[in-house]
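Notes for the one structure printed next.
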Amino acid sequence: AVVSTQSTGCGGTIKRLHLELGGNAPFIVFQSADINRAVAGCMLAKFRNAGQACIAANRILVHDSVFSEFVEKLATRVRKLKVGNGLDDGISVGPLVNSRAFERVSTLLGTSNHETITKPDSHSSPFVSPRVVMCGSDHETPLFHTEIFGPVAPVYSFSSEEEAVRLANNTRYGLQAFIFTQDLAQSWRVSEELEYGMVAVNEGAISSANNPFGGWKESGIGREAGHVGIHEFQEEKLVCFGL
(Lines give C-alpha, C1' and ligand atoms only; values in the text may rest on other atoms or scores of the structure.)
Protein backbone atom coordinates (compact mmCIF):
# COMPACT_ATOMS: atom_id res chain seq x y z
CA ALA A 1 0.00 0.00 0.00
CA VAL A 2 2.82 2.39 0.82
CA VAL A 3 4.59 1.72 -2.48
CA SER A 4 1.37 2.14 -4.43
CA THR A 5 0.58 5.46 -2.74
CA GLN A 6 4.05 6.89 -3.31
CA SER A 7 4.19 5.78 -6.93
CA THR A 8 1.08 7.70 -7.98
CA GLY A 9 3.13 10.89 -8.15
CA CYS A 10 5.01 9.56 -11.17
CA GLY A 11 2.66 6.95 -12.57
CA GLY A 12 -0.20 4.67 -11.78
CA THR A 13 1.80 1.47 -12.11
CA ILE A 14 5.02 0.05 -10.70
CA LYS A 15 7.94 0.41 -13.10
CA ARG A 16 11.25 -1.41 -13.26
CA LEU A 17 13.96 0.97 -12.11
CA HIS A 18 17.65 1.21 -12.96
CA LEU A 19 19.81 3.74 -11.09
CA GLU A 20 23.46 4.74 -11.37
CA LEU A 21 24.14 7.05 -8.44
CA GLY A 22 27.85 7.80 -8.45
CA GLY A 23 30.72 6.53 -6.39
CA ASN A 24 33.74 7.11 -4.17
CA ALA A 25 36.25 4.86 -5.89
CA PRO A 26 39.32 3.63 -4.01
CA PHE A 27 42.56 3.22 -5.97
CA ILE A 28 44.72 0.77 -4.01
CA VAL A 29 48.45 0.43 -4.63
CA PHE A 30 49.98 -2.55 -2.81
CA GLN A 31 53.68 -3.03 -2.08
CA SER A 32 54.15 -5.52 -4.93
CA ALA A 33 52.65 -3.20 -7.55
CA ASP A 34 54.48 -2.11 -10.67
CA ILE A 35 54.70 1.55 -9.63
CA ASN A 36 55.09 2.95 -13.13
CA ARG A 37 52.02 1.04 -14.26
CA ALA A 38 50.11 2.14 -11.18
CA VAL A 39 50.95 5.79 -11.81
CA ALA A 40 49.85 5.50 -15.44
CA GLY A 41 46.63 3.85 -14.33
CA CYS A 42 46.03 6.57 -11.75
CA MET A 43 46.49 9.32 -14.33
CA LEU A 44 43.79 7.71 -16.45
CA ALA A 45 41.45 6.82 -13.60
CA LYS A 46 41.72 10.21 -11.88
CA PHE A 47 42.29 12.93 -14.46
CA ARG A 48 40.35 11.96 -17.57
CA ASN A 49 37.53 14.41 -18.21
CA ALA A 50 39.05 16.63 -15.48
CA GLY A 51 38.08 14.05 -12.88
CA GLN A 52 34.39 14.35 -13.75
CA ALA A 53 33.47 10.69 -13.95
CA CYS A 54 31.39 8.55 -11.61
CA ILE A 55 34.09 5.86 -11.71
CA ALA A 56 37.00 8.28 -11.28
CA ALA A 57 39.56 7.32 -8.62
CA ASN A 58 38.57 9.35 -5.58
CA ARG A 59 40.70 7.96 -2.75
CA ILE A 60 44.23 6.88 -3.64
CA LEU A 61 45.42 4.38 -1.01
CA VAL A 62 49.13 3.55 -1.15
CA HIS A 63 51.14 1.10 0.96
CA ASP A 64 53.67 2.72 3.29
CA SER A 65 56.61 0.96 1.66
CA VAL A 66 55.98 2.47 -1.79
CA PHE A 67 54.21 5.66 -0.74
CA SER A 68 57.08 8.10 -1.41
CA GLU A 69 58.00 6.56 -4.75
CA PHE A 70 54.41 6.53 -5.98
CA VAL A 71 53.70 10.10 -4.89
CA GLU A 72 56.90 11.44 -6.44
CA LYS A 73 56.20 9.80 -9.79
CA LEU A 74 52.53 10.80 -9.74
CA ALA A 75 53.41 14.41 -8.96
CA THR A 76 55.89 14.47 -11.85
CA ARG A 77 53.16 13.39 -14.25
CA VAL A 78 50.56 15.77 -12.83
CA ARG A 79 52.86 18.78 -13.10
CA LYS A 80 52.98 18.22 -16.87
CA LEU A 81 49.21 18.50 -17.29
CA LYS A 82 48.04 21.68 -18.98
CA VAL A 83 44.70 23.29 -18.19
CA GLY A 84 42.61 25.19 -20.69
CA ASN A 85 40.21 25.04 -23.61
CA GLY A 86 40.10 21.45 -24.78
CA LEU A 87 39.99 22.61 -28.41
CA ASP A 88 43.46 24.15 -28.08
CA ASP A 89 46.62 22.19 -28.85
CA GLY A 90 48.50 20.72 -25.88
CA ILE A 91 45.62 20.97 -23.42
CA SER A 92 45.10 17.85 -21.27
CA VAL A 93 42.62 19.09 -18.62
CA GLY A 94 39.53 21.08 -19.56
CA PRO A 95 36.99 22.97 -17.44
CA LEU A 96 34.54 21.70 -14.89
CA VAL A 97 30.97 21.54 -16.12
CA ASN A 98 29.96 24.92 -14.66
CA SER A 99 30.72 27.53 -11.99
CA ARG A 100 28.72 25.62 -9.40
CA ALA A 101 31.00 22.61 -9.84
CA PHE A 102 34.01 24.89 -9.53
CA GLU A 103 32.69 26.32 -6.26
CA ARG A 104 31.99 22.84 -4.92
CA VAL A 105 35.53 21.59 -5.59
CA SER A 106 37.03 24.82 -4.26
CA THR A 107 35.02 24.45 -1.06
CA LEU A 108 36.22 20.87 -0.64
CA LEU A 109 39.83 21.99 -1.07
CA GLY A 110 39.22 24.72 1.49
CA THR A 111 38.32 22.13 4.11
CA SER A 112 41.72 20.45 3.75
CA ASN A 113 44.84 21.76 5.43
CA HIS A 114 47.05 19.08 3.90
CA GLU A 115 50.10 19.74 1.79
CA THR A 116 49.55 20.07 -1.93
CA ILE A 117 52.72 18.82 -3.54
CA THR A 118 51.91 20.02 -7.03
CA LYS A 119 51.82 23.78 -6.96
CA PRO A 120 48.67 24.78 -8.84
CA ASP A 121 48.65 27.57 -11.38
CA SER A 122 46.11 30.33 -10.92
CA HIS A 123 42.93 29.57 -12.84
CA SER A 124 39.48 31.09 -12.63
CA SER A 125 36.10 29.37 -12.78
CA PRO A 126 35.34 26.89 -14.23
CA PHE A 127 38.97 25.69 -14.44
CA VAL A 128 40.66 23.83 -11.58
CA SER A 129 44.37 23.04 -11.67
CA PRO A 130 45.21 19.34 -11.23
CA ARG A 131 46.84 18.64 -7.89
CA VAL A 132 47.95 15.90 -5.52
CA VAL A 133 46.95 16.33 -1.88
CA MET A 134 48.99 14.54 0.78
CA CYS A 135 46.35 13.30 3.23
CA GLY A 136 48.45 10.57 4.85
CA SER A 137 46.47 8.81 7.58
CA ASP A 138 43.70 11.43 7.81
CA HIS A 139 40.60 9.46 6.90
CA GLU A 140 38.18 11.96 8.42
CA THR A 141 38.79 14.74 5.91
CA PRO A 142 35.78 15.56 3.69
CA LEU A 143 37.96 14.63 0.72
CA PHE A 144 37.82 11.01 1.90
CA HIS A 145 34.04 10.80 2.17
CA THR A 146 32.92 13.02 -0.72
CA GLU A 147 32.85 12.34 -4.44
CA ILE A 148 35.19 15.12 -5.59
CA PHE A 149 34.31 15.24 -9.30
CA GLY A 150 37.36 17.31 -10.15
CA PRO A 151 41.10 16.96 -10.93
CA VAL A 152 42.12 16.56 -7.29
CA ALA A 153 44.01 13.43 -6.18
CA PRO A 154 44.05 12.87 -2.40
CA VAL A 155 46.68 10.27 -1.43
CA TYR A 156 46.38 8.23 1.78
CA SER A 157 48.71 5.66 3.33
CA PHE A 158 48.03 2.18 4.70
CA SER A 159 50.20 -0.50 6.27
CA SER A 160 48.37 -3.79 5.68
CA GLU A 161 46.00 -5.48 3.27
CA GLU A 162 43.31 -5.61 5.96
CA GLU A 163 43.58 -1.87 6.52
CA ALA A 164 43.40 -1.14 2.80
CA VAL A 165 40.20 -3.18 2.43
CA ARG A 166 38.66 -1.59 5.51
CA LEU A 167 39.42 1.93 4.25
CA ALA A 168 38.19 1.13 0.75
CA ASN A 169 34.87 -0.20 2.08
CA ASN A 170 34.44 2.71 4.49
CA THR A 171 31.88 4.48 2.32
CA ARG A 172 28.20 4.18 1.55
CA TYR A 173 29.05 3.90 -2.14
CA GLY A 174 30.25 0.88 -4.11
CA LEU A 175 30.54 1.56 -7.82
CA GLN A 176 34.14 0.81 -8.86
CA ALA A 177 37.46 0.03 -7.18
CA PHE A 178 40.99 -0.20 -8.56
CA ILE A 179 43.74 -2.57 -7.38
CA PHE A 180 47.39 -2.57 -8.38
CA THR A 181 49.39 -5.62 -7.30
CA GLN A 182 51.58 -8.28 -8.86
CA ASP A 183 50.41 -10.85 -6.31
CA LEU A 184 47.75 -12.89 -8.11
CA ALA A 185 46.40 -14.47 -4.93
CA GLN A 186 46.09 -11.02 -3.36
CA SER A 187 44.24 -9.65 -6.38
CA TRP A 188 41.58 -12.39 -6.12
CA ARG A 189 41.37 -12.17 -2.34
CA VAL A 190 40.98 -8.39 -2.23
CA SER A 191 38.58 -8.31 -5.19
CA GLU A 192 36.25 -10.63 -3.31
CA GLU A 193 36.46 -8.54 -0.13
CA LEU A 194 35.79 -5.19 -1.80
CA GLU A 195 32.14 -4.11 -1.67
CA TYR A 196 32.01 -2.81 -5.23
CA GLY A 197 30.13 -3.75 -8.37
CA MET A 198 33.25 -3.42 -10.52
CA VAL A 199 36.92 -4.02 -9.70
CA ALA A 200 39.79 -3.15 -12.03
CA VAL A 201 43.03 -5.05 -11.42
CA ASN A 202 46.13 -3.36 -12.82
CA GLU A 203 43.95 -1.28 -15.15
CA GLY A 204 42.89 2.36 -15.10
CA ALA A 205 39.72 1.87 -17.15
CA ILE A 206 37.52 -1.17 -17.72
CA SER A 207 34.23 0.24 -19.02
CA SER A 208 33.12 -1.18 -22.35
CA ALA A 209 29.97 -2.37 -24.06
CA ASN A 210 30.94 -5.94 -23.15
CA ASN A 211 31.19 -5.40 -19.40
CA PRO A 212 28.20 -5.06 -17.06
CA PHE A 213 28.25 -1.60 -15.49
CA GLY A 214 26.73 -0.92 -12.07
CA GLY A 215 27.37 -0.66 -8.37
CA TRP A 216 26.56 -1.93 -4.90
CA LYS A 217 25.13 -0.16 -1.84
CA GLU A 218 24.10 3.45 -2.57
CA SER A 219 25.83 3.52 -5.95
CA GLY A 220 22.74 2.21 -7.68
CA ILE A 221 20.46 -0.60 -8.68
CA GLY A 222 20.75 -2.85 -11.72
CA ARG A 223 23.28 -3.19 -14.55
CA GLU A 224 23.71 -1.83 -18.03
CA ALA A 225 25.78 -3.27 -20.89
CA GLY A 226 27.22 -6.75 -21.01
CA HIS A 227 25.07 -9.83 -21.39
CA VAL A 228 23.17 -8.97 -18.18
CA GLY A 229 22.22 -5.49 -19.39
CA ILE A 230 19.25 -6.82 -21.34
CA HIS A 231 17.79 -8.20 -18.11
CA GLU A 232 16.74 -4.67 -17.11
CA PHE A 233 14.28 -4.76 -20.03
CA GLN A 234 12.89 -8.22 -19.37
CA GLU A 235 10.59 -9.92 -16.88
CA GLU A 236 11.16 -13.45 -15.59
CA LYS A 237 8.33 -15.94 -15.68
CA LEU A 238 8.03 -19.37 -14.14
CA VAL A 239 5.86 -21.96 -15.94
CA CYS A 240 5.46 -25.17 -13.94
CA PHE A 241 3.88 -28.30 -15.50
CA GLY A 242 2.42 -31.04 -13.35
CA LEU A 243 3.47 -34.43 -14.63
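The values are calculated or read from the model by the stated rules, or taken from the named source; none is laboratory data. Just so we're clear, the structure is a prediction, and the values are computed from it rather than from any experiment. Cβ atoms come from the backbone with ideal geometry, glycine included; neighbour counts cover every protein chain shown. Only protein heavy atoms, including side chains, enter the accessible area calculation; ligands, DNA and RNA are left aside. Shrake-Rupley method; radii C 1.70, N 1.55, O 1.52, S 1.80 Å.
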For region 175-182, indicate whether the set of residues that are farther than 23 Å from ALA56 by Cβ and free of Cβ contacts under 8 Å to residues at least 12 places away in the same chain is non-empty.
-> no
Within region 148-166, count every residue that is of a type outside the set (Asp, Glu) and free of Cβ contacts under 8 Å to residues at least 24 places away in the same chain.
-> 2
Could you tell me which residue of region 196-227 is surrounded by the fewest Cβ atoms within 10 Å (Cβ to Cβ), considering only residues that are of a type in the set (Ser, Thr, Tyr) and out of contact with any Leu (no Cβ under 9 Å at 6 or more places or on another chain)?
-> SER208
(1) over 15 Å from PRO130 (Cα atoms); (2) at pLDDT 95 or above; (3) open to solvent by 20 Å² or more (accessible area, probe 1.4 Å) all hold for THR13 apart from (2)
Somewhere in region 229-241, is a residue open to solvent by 10 Å² or more (accessible area, probe 1.4 Å), of a type outside the set (Lys, Arg), in contact (Cβ under 8 Å) with a residue 24 or more places away in the chain and under 24 Å from PHE47 (Cα atoms)?
-> no
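Residues checked against (1) touching a strand residue (DSSP E or B) at 6+ places or on another chain (Cβ under 6 Å); (2) under 16 Å from GLU147 (Cα atoms); (3) not β-branched (Val, Ile, Thr):
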residue: LEU175; (1), (2), (3): no, yes, yes
residue: ALA200; (1), (2), (3): yes, no, yes
residue: LYS237; (1), (2), (3): no, no, yes
residue: LEU243; (1), (2), (3): no, no, yes
Within region 54-86, considering residues that are touching a residue at least 40 places away in the same chain (Cβ under 8 Å) and more than 17 Å from MET134 (Cβ to Cβ), the one surrounded by the most Cβ atoms within 10 Å (Cβ to Cβ) = ALA56
The number of residues in region 24-38 that are among the acidic types (Asp, Glu) and not in a loop (DSSP other than H, G, I, E, B) is 0
Which numbered condition GLY110 fails, given (1) out of contact with any strand residue (DSSP E or B) (no Cβ under 6 Å at 6 or more places or on another chain); (2) at pLDDT 90 or above; (3) open to solvent by less than 70 Å² (accessible area, probe 1.4 Å) = (2)
Would you point out the residue of region 127-184, among those that are small (Gly, Ala, Ser), open to solvent by less than 10 Å² (accessible area, probe 1.4 Å) and not in a helix (DSSP H, G or I), that is farthest from ARG100 (Cα to Cα)?
-> ALA177
Those residues of region 185-195 which are open to solvent by 50 Å² or more (accessible area, probe 1.4 Å), part of a helix (DSSP H, G or I) and not aliphatic (A, V, I, L, M) amount to TRP188, ARG189, GLU192, GLU193
Tell me, yes or no, whether region 206-223 has at least one residue that is within 29 Å of LYS80 (Cα to Cα), touching a residue at least 40 places away in the same chain (Cβ under 8 Å), touching a strand residue (DSSP E or B) at 6+ places or on another chain (Cβ under 6 Å) and outside any loop (DSSP other than H, G, I, E, B).
-> no
Does region 190-202 hold any residues that are in contact with a helix residue (DSSP H, G or I) (Cβ under 9 Å, 6 or more places away or on another chain) and either over 20 Å from GLN31 (Cβ atoms) or at pLDDT below 95 (or both), and which are they?
-> GLU195, TYR196
